[in-house]
1. Could you please give the count of residues in segment 102-118 that are within 16 Å of the ligand (Cβ to nearest atom) and either surrounded by 13 or more Cβ atoms within 10 Å (Cβ to Cβ) or within 15 Å of Glu368 (Cα to Cα) (or both)?
2. Restricting attention to segment 46-101, which residues are open to solvent by less than 30 Å² (accessible area, probe 1.4 Å) and of a type in the set (A, V, I, L, M)?
3. Hey, Leu341 hits all of (1) open to solvent by less than 30 Å² (accessible area, probe 1.4 Å); (2) outside any helix (DSSP H, G or I) but one; which does it fall short on?
4. Just for strands (runs of 3 or more DSSP E) wholly inside segment 203-296: which have at least 1 residues that are open to solvent by 40 Å² or more (accessible area, probe 1.4 Å)?
5. Mind listing whichever residues of segment 285-300 are under 19 Å from the mean Cα position of the chain (by Cα) and within 16 Å of Val103 (Cα to Cα)?
6. Regarding segment 98-119, can at least one residue be identified that is outside any strand (DSSP E or B), among the small types (Gly, Ala, Ser) and not assigned by TED's automatic domain parsing to the domain that holds Pro10?
7. When the residues of segment 191-244 are narrowed to those that are out of contact with any helix residue (DSSP H, G or I) (no Cβ under 7 Å at 6 or more places or on another chain) and β-branched (Val, Ile, Thr), which ends up farthest from Arg4 (Cα to Cα)?
8. Just give me the residues in segment 58-97 being within 16 Å of the ligand (Cβ to nearest atom), in contact with a helix residue (DSSP H, G or I) (Cβ under 8 Å, 6 or more places away or on another chain) and modelled with pLDDT under 90, in sequence order.
Amino acid sequence: MKLRLEVLSPVTISCSYTSINEIYTVDYIPATVLRGVLASVYIKEKGISDPMEDNLFKEIFLSGKCIFGNLYYNEASLLPLSALSCKYNSGFIPDAHGVKDMVIPRLKNDMKCLESCSCCNAPMDNFRGFYKRERGCFTKVEVPKRLIARTAINPMRETAAHGELFSMEAINEGSFFTGRLYVDNGLKDKVSEFLNSREVRIGTARSRGQGHCKVWVHDEASTDNLIERFDRFNSLVGDKHTYFSITLLSDMIVFDRYLRYCSNLTLDTLLEYLSVDSTISNNFKLDFWISGTRKISGWNSAPNVSLPKEDVVAIEKGSVFVFKSNNPLPEAVKVRIISELKRIPEFIGERVTEGFGQVSICNKFHLEFYKEMKE
Ligand SMILES: [Zn+2]
């Protein structure tokens, strides 16, 4: 299913607890924020004292049968960390000097084409954010935001507190965000009934009128063509080995065997979803990766808790991991690999019900932008 959210009053979702007089917002709606608010609305609306006694609450928010994905602006997709563009005129052609992706060139050992801009020979730089394809053209998507200046209120005199001016960045009203909502078939009607046309308040400054949003859900036909992407990925690399890539569409939390946070996605994590004796576990290894880490803070608004959540270290959304076969594989084995890749769920790792760990196998960005570069 698809989740759609309309911003009715400015939204600020701060990404840290730091107390400063400039508060910045993230430029997407993290699933964990929306899910937390919806859970709290559910509890208040039904007036339940112990959510663990309510079967529908447990099914929607705790069972893993309902997974909320991050919501990104206006149907835009996340640019992977492998995207590069001109340092001085970055962006897609024809508006700017073009975008290159480094995954396929790295596998072909053809990094020379990434050293400089094809238009002006300037150095290439990281290209972060969101993009969208409209009428055959790619464009970079900027989330509309503004700064709102406010003063703190002196609680005794109920007037502006002296010397306590602060400014807050906010996502503008009128913006739309969309994301994935994975729901088990048996639960779809109940989830739609609870969520449709639901008005909620998210983020900070809710008591000052900010964060008013409206949510809808609707069914979305799945159009996944993994076989085609896998074949194209391998034919573009054009090597006798077999490859597949995993790109993170949301931050991912993974522990190693000593319960430390991982900064990489390894084959061991994928094996949790495949059998130990699978074709992938016997034949593949992590070949290279482009990744980052990010500290995730949060606030637990469960009844009677109201405490900050423990900070966690996540692998940053946009990170790319490429796996390579140890030896050239016959065609019959490739069919088995695809069927095993199909068994990997859309969300993997820890805290998946909050939208962490959304993955895309052989993401089309790596294919499209290699083709664009060559043309
Ligand atoms: Zn350039």
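1. Adding up the residues that qualify gives 5.
2. If the condition is that a residue be open to solvent by less than 30 Å² (accessible area, probe 1.4 Å) and of a type in the set (A, V, I, L, M), then Ile60, Ile67, Leu71, Ala76, Leu78, Leu79, Leu81, Ala83, Leu84, Ala96, Val99 are the ones that fit.
3. (2)
4. In segment 203-296, 212-218, 284-290 are the strands (runs of 3 or more DSSP E) which contain 1 or more residues that are open to solvent by 40 Å² or more (accessible area, probe 1.4 Å).
5. Trp289, Ile290, Ser291, Gly292
6. Checking segment 98-119: at least one residue is outside any strand (DSSP E or B), among the small types (Gly, Ala, Ser) and not assigned by TED's automatic domain parsing to the domain that holds Pro10.
7. Out of the qualifying residues, it is Thr204.
8. Scanning segment 58-97 gives a single hit, Ile93.
The values are calculated or read from the model by the stated rules, or taken from the named source; none is laboratory data. It should be emphasised that the depicted structure is a prediction, and the values quoted were computed from it without experimental measurement. When we count neighbours, we look across all protein chains shown, and the Cβ atoms used for this are built from the backbone with ideal geometry, even at glycine. These accessible areas exclude ligands, DNA and RNA; they are computed on the full protein's heavy atoms, side chains included. Shrake-Rupley method; radii C 1.70, N 1.55, O 1.52, S 1.80 Å.
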